[in-house]
Amino acid sequence: MKKLFTVKNTQIWKSIFRHGPPEDRRNRSLAVLANVFLHLHPVKVRSSSIRLRYTWCMGGLTFFLFLVLTVTGILLMFYYRPTVEYAYGDIIDLREQVPLGAMREIHRWGAHAMVISVWLHMFRVFMTGSYKPPREFNWVVGVLLLVLTLLLSFTGYLLPWDQLAMWAVTVGSNMARATPLMGTEGPGTALLVLGDVKLVHAGNDARFFLLAGRFVGAATLLRFYVLHCIAIPFVASILMAVHFWRIRKDGGISGPL
Amino acid sequence: MWNVGSFLRVEKGFQMAEKSDSKPEITRRGFLSWVRAGWIAFTAAAATGSLSAFRFMFPNVLFEPPQIFKAGFPSEYADGMVDTRWKEKFRVWIVREGNLIYALRSVCTHLGCTPNWLSTEEKFKCPCHGSGFYISGINFEGPAPRPLERVRISLAEDGQILIDQTQIFQQEKGQWSNPESFLII
Amino acid sequence: MIDSLKELINSISSPSFFLTLSIILLGVSLYFKQFWTRRSLGIAAAISGGLFLFSVTDENFREIVAKPDNLPIIALLFLVGFFTWLSLHLAFDNDRRKAAGEPILEKQETLPKTFVWPDLVYIEFIALIVCTVVLIVWSVLLKAPIEEPANPADSPPSTKAPWYFLGLQEMLVYFDPWIAGVVIPSIIVLGLMAIPYIDRDVKGSGYYSFRERRPQILVFLFGFSILWVFLIILGTFFRGPNWNFFGPYEFWDVHKVVLMNNVNLSEFIWVRGMGIGLPRNWLVREIFGIVLLLGYFAVPPYLLARGWFRSYYEKLGINRYLLMMFLLLSMLALPIKMYLLWIFNLKYIVSIPEYFFNI
């Protein structure tokens, strides 16, 4: 105990923690205010609004699962090569050869869990009417985050490069062929012609944009990999920052205003 | 639309200031038109940038099997048979019926799976969702909404069959009567 | 005895049966608030748990349910059920409190405000630990599946989309890809975003309540639990090879043949109704379907604005009202089209294959 006391008196400790232990009112406030992560919360909240039966903690769990998926995802990236030659073998190796062979499992099951927790979070927010003014725009941001979660999961689906991945993505991306005016088989696309030349064809339609090719192939794998690991998480992080900030500004976690 | 009213309101005050200033080097109107030109240029540049980034996502070169390839001589194909030798690489079946040869894309018209030719049952069957097609490519069972697609077929100068997948012929549009969609030998 | 019971369940099982059943269940349960007490939760849990245990003894059922990738969907089924109960339980509790003049659960002013550190931070911390433990146990017990290496030339039998898109894949049975895959998802996303701009009633903001938000909750529960979650359950456990329907205890036979003889509206009218052939010109051929479709989106908003929905029309104004009606009618279009297919074998209302335009 005495040793800890001396540690706390060092310049290093004091430079990191600028307040005392959170045991009194002042320091408990400071613990939240002076911490970049915790200050997304207000200092004080209504006692009833932190009860688990009202919030279900689903928003928090979704964010936590996002962090888990980021960490496990980074670890998986150390062993995975997004090419047609190596991808499948690397996934097998991740199970058979790599230490802590359950990393892919945590990533996959965590992703399933995140989709469910996002839905339940939306469900709770709806049932408590928490999208009403002034929180309307934050609901919109939430819907965008929900879509990004599904896109993250969908792009990740291709990466194992097994039969399930390839054909689920083939079938899924085939919908894009039917985009009105922008897919080769979409309604109205046949009207977009210059003389005999089709303006929208299999080599430049919406599905081509998605797959970077006419079929699910090497370019698709790389494209989905980049989307999955960098592009979508990047956008989602920005939207999450907006989402959390606005929760704070609009009166904190759930509760009547 | 430019908000003329707010500009006019500012103008009054500005003119008064202008009067007290003995050497007006930039007139208010001139300054505003520069600002306007600046914003237009900025918007145009931003739009061009976004469009180029969008275009960037469409590759110019594909590392896929070539769309145009030579498929050997017509005599290599037996009558009444579906030839599957090009299916794996180019996703095309070549069918010969009598002196008629045509090439069908091995892509199901339902959701893009790869059907199989079942020679005993004399049909193309898609394993994904069960669509079935006759040897002619006409759909007769399952969810496929339309027949398989033909691709352009012709004879090259050396007498080999030339398949060109860039051009597609759809039966329901009446394109199978196009002479480029089949080969008579 | 048990086998004949299973036979019976298999034979009455069908998408139409399950959809009708779930709609009736939702309606009845919302009508009786006794349904949302602790006791009925216990009864519902006992029934569904018992049914599940009984079913697990069946080999065919077990084979589908025990797939590692299907575990989250079983969890989803029970979680959505439980949280629907919990939210409505709290909502009815609040309604009772309001009627009795008591403060609602979320706003008891007698309770003081509490510090985030340590109270909230510790709740979050414990939730994280529980979540981590569950995830690790799950990951150690169940291996993530991996199939054969990808092969573009060889489609495997029965390709399904990822489980969270199975609702959309089910819609493919009733609509063409451009509607099921593009239009409906866009309407779902935009419709969700539009909710706070249509429902601006300040009543019921930030707390559970049923009485103050009856129509909203009805619509949302119908859309979320039936048209989304229920269709996912259906797609996962009841759609087998070739997307054919299979009863819960039925073997997933790859060669099951289902006769589908679907007829377009134009054929109903021109061929069967009038006894003449289909007209050549597509506009003439499809004119009835087009009129029907336009009427579907135009007439009900007009009539309802003067009738039942008059108060909404006056409160929301023309733009919001029309947007709301468009979203509601789009949502209802799905079950309507489903029943039309089941009852009349109707395939397309408007069918213009010349332009890939089928509805």
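Since every read-out is calculated from the coordinates, none of them should be taken as a lab result. Bear in mind the structure is a predicted one, so any value in this text is a computation, not a measurement. Because the Cβ atoms are built from the backbone with ideal geometry, glycine has one as well, and the counts that use them run over all protein chains shown.
Taking Cβ-Cβ under 4.7 Å as the only way to count a partner, pick out the unpartnered cysteines of the protein assembly as shown.
Cysteines lacking a close Cβ partner in the protein assembly as shown: A:CYS57, A:CYS229, C:CYS131.
Take peptide A:186-193, look around each residue's Cβ out to 10 angstrom, count Cβ atoms belonging to other protein chains, and average those counts.
Rounded to a whole number, the mean comes out at 4.
Past the 20 Å Cα-Cα mark, which pairs from A:LYS8/A:LYS44; A:LYS132/A:LYS249; A:LYS132/C:LYS107? Write down the numbers at each step before the final one.
Values: A:LYS8/A:LYS44 27 Å; A:LYS132/A:LYS249 14 Å; A:LYS132/C:LYS107 17 Å.
Over 20 Å Cα-Cα: A:LYS8/A:LYS44.
In deg cm²/dmol and to the nearest 500, what is the mean residue ellipticity at 222 nm of chain C if only DSSP H runs of at least 4 residues count, each as -39500 (n - 2.57), divided by the residue total? Write down the numbers at each step before the final one.
Values: 13 runs with 199 residues, N = 359.
Dividing the helical sum by the residues of chain C leaves -18000 deg cm²/dmol.
With point charges of +1 on the Cβ of Lys and Arg and -1 on the Cβ of Asp and Glu, referenced to the Cα centre of the stretch C:85-243, which listed residue (C:THR114, C:VAL229, C:PRO177) lies farthest in the positive direction of the dipole?
Value computed over the given set: C:THR114.
By how many degrees, 0 to 90 and rounded to 10, does the Cα axis of helix B:28-56 deviate from the longest principal axis of chain B?
Relative to chain B, helix B:28-56 is tipped by roughly 20 degrees.
Please give the FRET efficiency for C:ALA46 paired with C:VAL130, using the beta carbon to beta carbon distance and R0 = 25 Å, rounded to the nearest 0.05.
Working: r = 25 Å, r/R0 = 1.01.
So, using R0 = 25 Å, E works out to roughly 0.50.
If I histogram all Cα-Cα distances within the protein assembly as shown using bins 10 Å wide from 0, what percent of pairs lands in each bin?
All Cα pairs considered, the percentages come to 2, 10, 18, 22, 20, 14, 8, 4, 2, 0, 0.
Average projected area of the Cα convex hull of chain B, in nm²?
Computing the convex hull of the Cα atoms and averaging its projections yields 19.3 nm².
Work out, step by step, the length gained on full extension between C:LEU322 and C:GLU148: first 0.36 nm times the residue separation, then minus their alpha carbon distance; give nm to one decimal. Let's see the in-between values first.
Numbers: separation 174, 0.36 × 174 = 62.64 nm, distance 5.06 nm.
Between C:LEU322 and C:GLU148, full extension yields an extra 57.6 nm.
What is the magnitude of the charge dipole of chain B about its Cα centre, with +1 placed on the Cβ of each Lys and Arg, -1 on the Cβ of each Asp and Glu, and no other charges, expressed in debye to the nearest 20?
Rounded to the nearest 20 debye, it is 1180 debye.
Note down the nm distance, to one decimal, between modelled labels 7 Å out along Cα→Cβ at A:LEU151 and at A:VAL36.
Simple spin-label model gives 2.7 nm for this pair.
Would you mind giving the average projected area, over all directions, of the Cα convex hull of the stretch A:1-44 in nm² with one decimal?
Numbers: hull surface 13.7 nm².
That works out to 3.4 nm².
Roughly how many debye, to the nearest 20, is the charge dipole of the stretch C:80-133 about its Cα centre, given +1 on each Lys and Arg Cβ, -1 on each Asp and Glu Cβ, and no other charges? The partial results should precede the final answer.
On the way: 5 positive and 7 negative charges, 22 e Å.
The calculated dipole for the stretch C:80-133 is roughly 100 debye.
Highest GNM mean-square fluctuation, chain C, Cα pairs closer than 10 Å: which of C:ARG280, C:ARG272, C:ARG306?
C:ARG280
Could you tell me the number of lysine pairs in chain B with C-alpha atoms less than 24 Å from each other, where the two lysines are 8 or more residues apart or belong to different chains?
The number of close lysine pairs in chain B is 9.
Hey, in the GNM for chain B with a 10 angstrom Cα cutoff, which one of B:PHE54, B:PHE31, B:PHE140 fluctuates hardest?
The residue that fluctuates most here is B:PHE31.
Count neighbours as other Cβ atoms within 10 Å of each site's Cβ, and list the GluC sites (Glu not before Pro) in the stretch B:77-141 that are DSSP loop with at most 13 such neighbours. Write down the numbers at each step before the final one.
Numbers: sites: B:GLU88, B:GLU97, B:GLU121, B:GLU122, B:GLU141; in loops: B:GLU121, B:GLU122.
Of the GluC sites (Glu not before Pro), the ones in loops of the stretch B:77-141 whose Cβ has at most 13 other Cβ atoms within 10 Å are B:GLU121, B:GLU122.
Report, ordered by chain and residue number, the aspartates and glutamates lying within cross-link reach of C:LYS67, taken as a straight Cα distance under 14 Å and ignoring same-chain residues fewer than 8 apart.
By straight Cα distance, C:LYS67 reaches C:GLU59, C:GLU147.
So for the stretch A:52-249, taking the charge dipole from beta-carbon charges (+1 Lys/Arg, -1 Asp/Glu), which of A:GLY172, A:GLY203, A:TRP119 sits furthest toward the positive end?
A:TRP119
Taking only Cα atoms, what is the 0 to 90° angle, nearest 10, from helix A:87-96's long axis to the longest principal axis of chain A?
Approximately 40 degrees, to the nearest ten.
Hey, what angle do you get for helix B:4-20 against the long axis of chain B, alpha-carbon based, 0 to 90 degrees rounded to 10?
30 degrees
Which residue, B:GLY132, B:GLY38, B:GLY72, tops the fluctuation ranking in a GNM of chain B built on C-alpha contacts under 10 Å?
Result: B:GLY38 has the largest fluctuation of those listed.
At a 10 Å Cβ-Cβ cut-off, how would you order C:PHE288, A:PHE154, B:PHE56, fewest neighbours first? Could the numbers behind the result be given before it?
Details: C:PHE288 17, A:PHE154 21, B:PHE56 8.
Ranked by crowding around the Cβ, least crowded first: B:PHE56, C:PHE288, A:PHE154.
Counting other Cβ atoms within 10 Å, keep those with at most 16, restrict to DSSP loop, and tell me which GluC sites (Glu not before Pro) in the stretch A:1-110 are left.
On the way: sites: A:GLU23, A:GLU85, A:GLU96, A:GLU105; in loops: A:GLU23, A:GLU85.
Loop-located and lightly packed - A:GLU23, A:GLU85.
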